[in-house]
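Working notes for the structure below.
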Amino acid sequence: MQKSQIIVLAGSVALCGLLYSFPKVLVSDKDKVLTGARTSEAAGAAAGEAHLANIPAEGAADLSRLRLGFAQSSDTGKKVKFADSLASTFRQFSQFDSAAYYTGVVALANPSPDNLLKAGDAYYDAFNFSSDAGQAGQMGEKARDYYQKVLARQPDQLDAKARMAMTYVTTDNPMQGISMLREILQQSPDNQTALLNLGLLSIRSGQYDKAIERFEQILQKDPAHEPARFYLGISYAEMGQPEKAKPVLQGIKENTTDPVMRSTAEEYLKNLK
């Protein structure tokens, strides 16, 4: 398996971000906020339309109904409910860019900490799962916007900082993200999000010995951390240590509920001698 494929798998095990605050918007201003969101509504609708062809008929029908309700509703409360349902449904069918768009609409209309968290995480998921470099860059930029608001008000939200750091890795300044992850570990040496992400970056650069150190450090504190164990097995395999890789990957194969992890573990086990 190529390193790029391995890194893509990180999306299936992405860690949760943290709640964060945002300036309050008065009820009387909600319609103004939604009006601003409508300037990009056409782009979001176009993405949703393109995705319908890849969704089963029943799901596509539900999405068409919800999108019609969203477009025609003049009531802010109802429009937000339609957007929330659209986001949930698109996520159900793994259409993460459209899910992020509609999650952002909800957050703009009602910027509670919970809604803003969902929007930031939604764009981070879209960044992780995008197969198009240009789109990934756009999704990463949106995610950074949210996480920067987190850190401006709550600088100790280290998981948010770690996730934001990963969005820099695919930019022209990847070292900025790596430096941020190292800063996190200086402040909190056992931060699992930073350790996992640095381990993944070590895999991508072929530094499997460093990756193993990161994953083992996570497992020392949290033996049940499945992503760390999964990538530890891969790192052992890539290091040419089948005697260490086999039991780890066999355990993943037998116990994980993640089909991507299971199939990857099976592939590696077939090739280990």
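Out of the residues in region 252-273 that are touching a residue at least 40 places away in the same chain (Cβ under 8 Å), of a type outside the set (V, I, T) and not in a loop (DSSP other than H, G, I, E, B), state the one that is nearest to T193 (Cα to Cα).
M261
I need the full set of residues from region 31-82 which are more than 13 Å from S98 (Cα to Cα), at pLDDT 60 or above and among the basic types (K, R), in order please.
Residues satisfying the conditions are R65, K78, K79, K81.
Can you report the number of residues in region 194-231 which are among the polar types (S, T, N, Q) and assigned to a loop (DSSP other than H, G, I, E, B)? Walk me through it before giving the result.
Taking region 194-231 and keeping what is among the polar types (S, T, N, Q), we get 197, 202, 205, 207, 217, 220.
This time we only want the ones that are assigned to a loop (DSSP other than H, G, I, E, B), so: 205, 207.
Here the count works out to 2.
Do we find that D159 is under 16 Å from L181 (Cα atoms) and in contact with a Cys (Cβ under 9 Å, 6 or more places away or on another chain) in this structure?
Here the answer is yes, as D159 does meet what is asked.
Each row is one residue, and each column tells you yes or no for (1) out of contact with any Ser or Thr (no Cβ under 8 Å at 6 or more places or on another chain); (2) surrounded by fewer than 19 Cβ atoms within 10 Å (Cβ to Cβ); (3) over 24 Å from A61 (Cα atoms).
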residue	(1), (2), (3)
F93	yes, yes, no
F96	no, no, no
Y102	yes, no, no
A119	no, no, yes
S131	yes, yes, yes
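Residue-wise test of (1) in contact with a helix residue (DSSP H, G or I) (Cβ under 9 Å, 6 or more places away or on another chain); (2) at pLDDT 95 or above; (3) buried (at least 16 other Cβ atoms within 10 Å of the Cβ).
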| position | (1), (2), (3) |
| --- | --- |
| E141 | yes, no, no |
| M164 | yes, no, yes |
| P174 | yes, no, no |
| I178 | yes, no, yes |
| L185 | yes, yes, yes |
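Would you confirm, using the coordinates I've provided, whether A126 is modelled with pLDDT of 90 or more and surrounded by fewer than 18 Cβ atoms within 10 Å (Cβ to Cβ)?
Taking the combined requirement at face value, the residue does not satisfy it.
Looking at region 203-234 only, could you name the residues that are among the small types (G, A, S) and surrounded by fewer than 16 Cβ atoms within 10 Å (Cβ to Cβ)?
Selection gives S205, G206, A224.
Residue-by-condition table, conditions (1) within 20 Å of L158 (Cβ to Cβ); (2) of a type in the set (K, R); (3) modelled with pLDDT of 95 or more:
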position: L200; (1), (2), (3): yes, no, no
position: Y208; (1), (2), (3): no, no, yes
position: Q220; (1), (2), (3): yes, no, yes
position: L232; (1), (2), (3): no, no, yes
position: K246; (1), (2), (3): no, yes, yes
position: I252; (1), (2), (3): no, no, yes
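Just one of the numbered conditions (1) touching a residue at least 24 places away in the same chain (Cβ under 8 Å); (2) on the phi < 0 side of the Ramachandran plot; (3) assigned to a loop (DSSP other than H, G, I, E, B) is not true of G137; which one?
Condition not satisfied by G137: (3).
Tell me which residues, restricted to region 235-251, are under 23 Å from Q192 (Cβ atoms) and surrounded by fewer than 24 Cβ atoms within 10 Å (Cβ to Cβ).
A237, E238, M239, K244, A245, P247, V248, G251
Please indicate, with yes or no, whether at least one residue in region 264-272 is among the basic types (K, R) and in contact with a helix residue (DSSP H, G or I) (Cβ under 7 Å, 6 or more places away or on another chain).
For region 264-272, residues among the basic types (K, R) and in contact with a helix residue (DSSP H, G or I) (Cβ under 7 Å, 6 or more places away or on another chain): absent.
The values are calculated or read from the model by the stated rules, or taken from the named source; none is laboratory data. No experiment lies behind these values; they were computed from the predicted model shown. Please note: Cβ atoms are built from the backbone with ideal geometry, for glycine as well, and neighbour counts cover all protein chains shown.
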